[in-house]
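A.B. asks: Just passing along the structure, written as structure tokens.
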Amino acid sequence: MGLIDSVVDLAKAGASYIEANINKMTRRINMSIGGIDLNNLEVKEKAGEFQVLPKGGNIQLATQVFGIGLGWDSSKGGNNFDLDASCLVLNADKQGTTNTPVIYYGVKEDARGSIKHSGDNLTGEGAGDDEVILVDCSKLDPSVNEIAVIVNIYSAASRNQNFGQVSNSYIRLFDVTTGEVFVRYDLNEDYSMNSGVFVGKIYLHNGSWKFKAMGNGVNGSISEIATQVAGM
């Protein structure tokens with residue numbers, strides 16, 4: 001191989017590396033909900049303009065149309081952690097309100113188009129939200145009183161993984177028109193005995209929608225966790 005060929009190969013490798021890392025720096029959301037096109041929306045946190053909730057903290061939501069972003073860091077050794085975000089839709093009696101009460105990577109949308117899932121991320125690699133669930137409360141079934149936000153590790157038992165091993169995981173809610181985050185809850189508790197977390201609930205109170213950070217450790221598959229959460 002001549003000198004020119006070597007230089008060309010190095011240039012190609014460098015360009016590929018730069019492109020790959022640019023793609024990791026900013027994650028886009030190719031979805032739409034409530035008549036709002038979210039293609040190429042950049043979710044961003046501005047210091048002092050969003051609230052970081054402690055466990056048990058709650059906040060009234062300023063908008064009925066918003067995104068729920070899940071982020072975490074990929075493993076630096078061994079198996080990656082495959083976190084899955086899901087929503088359990090409940091009525092006032094803590095019962096599932098539709099034929100598809102759980103929205104997750106396997107069932108990405110409810111019948112009314114009020115809740116949509118971005119799809120499965122297997123590793124958490126890259127900056128920004130790794131999975132996103134979009135919610136339009138104005139389109140929810142009238143019987144819906146609560147949306148439980150759940151995160152669990154896929155195949156945690158077979159991989160001998162628990163949530164206490166996951167790094168830099170969080171849930172944040174953002175405005176779908178501007179991409180600006182208005183509330184964030186960091187999953188920094190010790191969940192070393194759990195394969196998932198009941199992160200929080202979006203609930204209807206006196207005609208307004210609020211978010212409460214729960215932070216309860218849970219175990220099992222998505223369906224098993226949904227049963228546990230419905231009893232909480």
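The values are calculated or read from the model by the stated rules, or taken from the named source; none is laboratory data. Note that the coordinates shown come from a computational prediction; the quantities given were computed from them, not determined experimentally. As a convention, Cβ positions derive from the backbone with ideal geometry for all residues, glycine included, and neighbour counts pool all protein chains shown. Remember, those area values only see protein heavy atoms, side chains included, never the ligands or the DNA or RNA. Shrake-Rupley method; radii C 1.70, N 1.55, O 1.52, S 1.80 Å.
A.B. asks: Please work out if G200 is in contact with a Lys or Arg (Cβ under 8 Å, 6 or more places away or on another chain) and among the small types (G, A, S). Spell out how you get there, then give the answer.
C.D. replies: Details: in contact with a Lys or Arg (Cβ under 8 Å, 6 or more places away or on another chain): yes; among the small types (G, A, S): yes.
When the stated conditions are applied, G200 passes them.
A.B. asks: Can you report the number of residues in segment 75-109 which are modelled with pLDDT under 80, open to solvent by 60 Å² or more (accessible area, probe 1.4 Å) and out of contact with any helix residue (DSSP H, G or I) (no Cβ under 8 Å at 6 or more places or on another chain)?
C.D. replies: 4
Every residue, every condition in (1) more than 30 Å from A47 (Cβ to Cβ); (2) among the hydrophobic types (A, V, I, L, M, F, W, C); (3) under 15 Å from the mean Cα position of the chain (by Cα), yes or no:
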{"residue": "A157", "(1), (2), (3)": "yes, yes, no"}
{"residue": "N162", "(1), (2), (3)": "yes, no, no"}
{"residue": "V181", "(1), (2), (3)": "no, yes, yes"}
{"residue": "L204", "(1), (2), (3)": "yes, yes, no"}
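A.B. asks: Return the residues of segment 110-147 that are of a type in the set (D, E, K, R), surrounded by 15 or more Cβ atoms within 10 Å (Cβ to Cβ), at pLDDT 75 or above and part of a loop (DSSP other than H, G, I, E, B); say none if nothing qualifies.
C.D. replies: Those that are of a type in the set (D, E, K, R), surrounded by 15 or more Cβ atoms within 10 Å (Cβ to Cβ), at pLDDT 75 or above and part of a loop (DSSP other than H, G, I, E, B): D110, D129, D130.
A.B. asks: Test S155 against the stated conditions and say whether it is in contact with a Leu (Cβ under 9 Å, 6 or more places away or on another chain) and either small (G, A, S) or open to solvent by 10 Å² or more (accessible area, probe 1.4 Å) (or both).
C.D. replies: no
A.B. asks: May I pose another question? Given S192, S167, which one is modelled with pLDDT under 90, in contact with a helix residue (DSSP H, G or I) (Cβ under 9 Å, 6 or more places away or on another chain) and polar (S, T, N, Q)?
C.D. replies: On inspection, the qualifying residue turns out to be S192.
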